[in-house]
Amino acid sequence: MCFHAKGTHNEMIKPINQSNNVSTSIFYINDYHGKSINMERTISASNAFDARNKDKKNVDTFKLSSGDIMIGEDFKTNQLAIMFQKMIGICASAVGNHEYDMQEKVNTLLPLIGYKLLASNVKINPSNPWSSVIKGSIVEERNGNKYGIIGTSPIDLTKRTKEGVIHRDIHVSKVKETVQDVQYEVNKLQRQGINKIILLSHLGFTMDKIIANQTQGIDVILGGHSHDLLFDVKEGKNLFYSKTGEPVVITQGGRDGKNFGVLNLEFDKNGIIKKVQNNVGYTKNFKRNIPAKYVFDKIFGARETYGYVKSAPPPLSFDLIEPNPHAYFITDCIRKDLDCDIAILPSSNIRGYFEPGKIDTRILTDILPFQNKLYRISYSEKDIVEGFKQAAKSFTNVANKPGIFYASGLKYTVTNAGRIHSMAFIDKTGKETPIDINNPRTDKYYVTVLNDYCAQGNDGFKHLKQPDRILEKYSFDATKCIKAILKQTKEPVDIYDDGRIQIIPD
C-alpha cells in the first residue's frame, strides 16, 4: 500500500527523492502464552526472515515483541519464553500482563532476559525487582537510521493478575493518562531528532486505535492483548491518522503463537510512511527447529508418556466462546481424580488441544501453561449460577474476555448474546437435575474444584471469592489430574463433544 499524502491525508505533495527513503522490515510477535512448540516453529520462520534479508544491505530489520510471550507460574515455561525471544533476536518487548505472572521467582527470572523490557505507563515501587529493568522507551539504530521504540502494559493489569506484590507495587495509568504517557515518550524521542517511532503495545486493539488518533509522532503500533489477527493494511481498519494527519499502522498477530507477522515499511526523509505491506504468517507451515527442540526438551527434563489419544476434534476457531471437547476431557479428569461434585475450567486457562498420539509432559504444558493451583470449595447453587452468568457475558465483551466456563458435573444452554438459558447438575451416575437459574438455591451446596485465579475473584468473578468456604488448597494444577486418570486408563481415549454446552440464538 502506498501513501501520497502528508499532513491531512487529502493533501497532495511533490514527488520525493526515492534515494532518501528508508526501508524497514519488522518481524513481530505477540501473545504466545508460553506455547513452546509454536516457539520452535517460529524460530524456523525467523531464520527464513533472516535469510531473505541477509543480502539486503539497505533494509533496516527488527525483531520485536508486544508481550505475553511468557505465562503463568512455571519457571521452566517462562525460561523457555525468554530463551526463545533471545534465540530469534528480539531487541525489545512490551511487558504484557503475563510477564508479571511469576511473582515468587521473579528475581531469578529477570536476569535471564537479554532484550529490553518497555512499559511507559507504569509506576513501580523502587524496591520491586521490575523497577530496575523496565524502561519507557529506547533508541535503536540500523544502518545509520535511528528509531524510537516505546512500550506499554495493559491498563487492566490488576484484573489480569493474581493478587500479590503486583497489585501493591505496580500502578498502571488509566486510558487518558496512558495516552499522555505515550505522547511524553514520543516528545522526548522527537527532541533527539528521531522521526521513526514504533509503539509496542499490550493495550488491546481498541486502545491502540485511541492512541493512533489522539497522539502525534507514532508511525507503527505493534499490538497485543486483545488477540486480534489483523491482515494486510486497510484504512479505517488498521490504518489511521494521527492528530497531525500522518499515517499510523496497527498490527496484531492473534494468540498462542499460531501466527507471526512481517511488516515492511518505507519512510521518507521526514519519517513519514510512504509504503507499507503487512504479511501474516502461520507457524504451522514451518517445521519445529531441531536445535531448539533439543534444548527445550532438556530444560523440561524427562518426557514421561502418560497415555494416548485415539481421536480428537480440531482446535477451536474462537477459543474463548466455543464448546470445547478438549476442556471437557480435562474437567472430567479433575472431577474423577479429586472426587468432587463439579469441576470448572475457565476457557482462558486452556491454551492448546490434544491430538491423536501420545500425551507427554511437553504437550500438557503446552495445553495448560498457567499451572494455576486448584482450590476445593463448597459453593452454593447461587454462587455457581452467578459465576457462569458472568462468564457467559464474554459473548458480547470486548475480545470475548474473560471467556466462558467449561465444567464436569454441569450442562448448560447459553445464547449467542451471552445469556444463560438453562442449566442442570449431572451427578456421578449421569442423573440430571435442573437448576432454576432465575432463583438458584442458597441452601444447596456443591463441592467444587476450580483454579486459584477464579477462586480469588479475578476477572470479575466476585461471587466465587468465598475464603470461608475453602475446603482445601491443592499444591498442584490440573495436569496432575490428567496424568493420574490417563495412567488408570488402559485404552487410548476418544475426546469428543458430548453436547454439555449448547449455544442458541438469542
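The values are calculated or read from the model by the stated rules, or taken from the named source; none is laboratory data. Since the structure is predicted, the reported quantities are computational estimates derived from the model, not experimental observations. Positions of Cβ are generated from backbone atoms using ideal geometry, with glycine treated the same way; all protein chains shown enter the neighbour counts.
General remarks:
- In the set (1) out of contact with any helix residue (DSSP H, G or I) (no Cβ under 6 Å at 6 or more places or on another chain); (2) in a strand (DSSP E or B); (3) outside the structural domain of D60 (by TED's automatic domain parsing), Y306 fails one condition alone, (1).
- Picking from residues in the range 353-370 that are out of contact with any His (no Cβ under 7 Å at 6 or more places or on another chain), assigned to a loop (DSSP other than H, G, I, E, B) and closer than 25 Å to K401 by Cα, the one that is modelled with the highest pLDDT is L368.
- The lone exception for Q85 - which of (1) out of contact with any strand residue (DSSP E or B) (no Cβ under 7 Å at 6 or more places or on another chain); (2) part of a helix (DSSP H, G or I) it fails: (1)
- Selection status of S422, in the same structural domain as K490 (by TED's automatic domain parsing), free of Cβ contacts under 8 Å to residues at least 24 places away in the same chain and not in a helix (DSSP H, G or I): yes
- Number of positions in the range 332-378 that are among the aromatic types (F, W, Y) and within 16 Å of Y474 (Cβ to Cβ): 2
- Entirely in the range 146-232, the helices (runs of 4 or more DSSP H) that have 2 or more residues that are free of Cβ contacts under 8 Å to residues at least 12 places away in the same chain: 175-190
- Residue check, G89 assigned by TED's automatic domain parsing to the domain that holds I170, at positive phi and of a type in the set (G, A, S): yes
- Hits in the range 54-82 (condition: within 18 Å of the chain's Cα centre (by Cα) and assigned to a loop (DSSP other than H, G, I, E, B)): S66, G67, D68, I69, M70, I71, G72, E73, D74
- Considering the conditions (1) under 22 Å from R335 (Cα atoms); (2) surrounded by 15 or more Cβ atoms within 10 Å (Cβ to Cβ), E432 is excluded by exactly one of them, (2).
- Residue selected from the range 126-145 under the condition in contact with a helix residue (DSSP H, G or I) (Cβ under 8 Å, 6 or more places away or on another chain) and assigned to a loop (DSSP other than H, G, I, E, B), by the criterion nearest to E104 (Cα to Cα): N128
Residue by residue, here is whether (1) farther than 23 Å from L229 by Cβ; (2) at pLDDT 95 or above; (3) surrounded by fewer than 21 Cβ atoms within 10 Å (Cβ to Cβ) holds:
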site	(1), (2), (3)
F286	no, yes, yes
I290	yes, yes, yes
K293	yes, no, yes
A302	yes, no, yes
T305	yes, no, yes
K310	yes, yes, yes
P314	no, no, yes
F318	no, no, yes
P323	no, yes, yes
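- Residue in the range 338-352 that is modelled with pLDDT of 95 or more, over 26 Å from the mean Cα position of the chain (by Cα), more than 30 Å from N20 (Cα to Cα) and not in a loop (DSSP other than H, G, I, E, B) present: yes
- Residue match in the range 99-121 (condition: of a type in the set (V, I, T), in contact (Cβ under 8 Å) with a residue 60 or more places away in the chain and not assigned by TED's automatic domain parsing to the domain that holds K462): no
- Among the residues of the range 435-465, those identified as assigned to a strand (DSSP E or B) and either of a type in the set (A, V, I, L, M) or closer than 17 Å to E386 by Cβ (or both) are I435, Y445, Y446, V447, T448, V449, L450.
- The residue list D452, D443, D366 contains one member that is in contact with a helix residue (DSSP H, G or I) (Cβ under 7 Å, 6 or more places away or on another chain), in contact (Cβ under 8 Å) with a residue 60 or more places away in the chain and not assigned by TED's automatic domain parsing to the domain that holds E73, which is D366.
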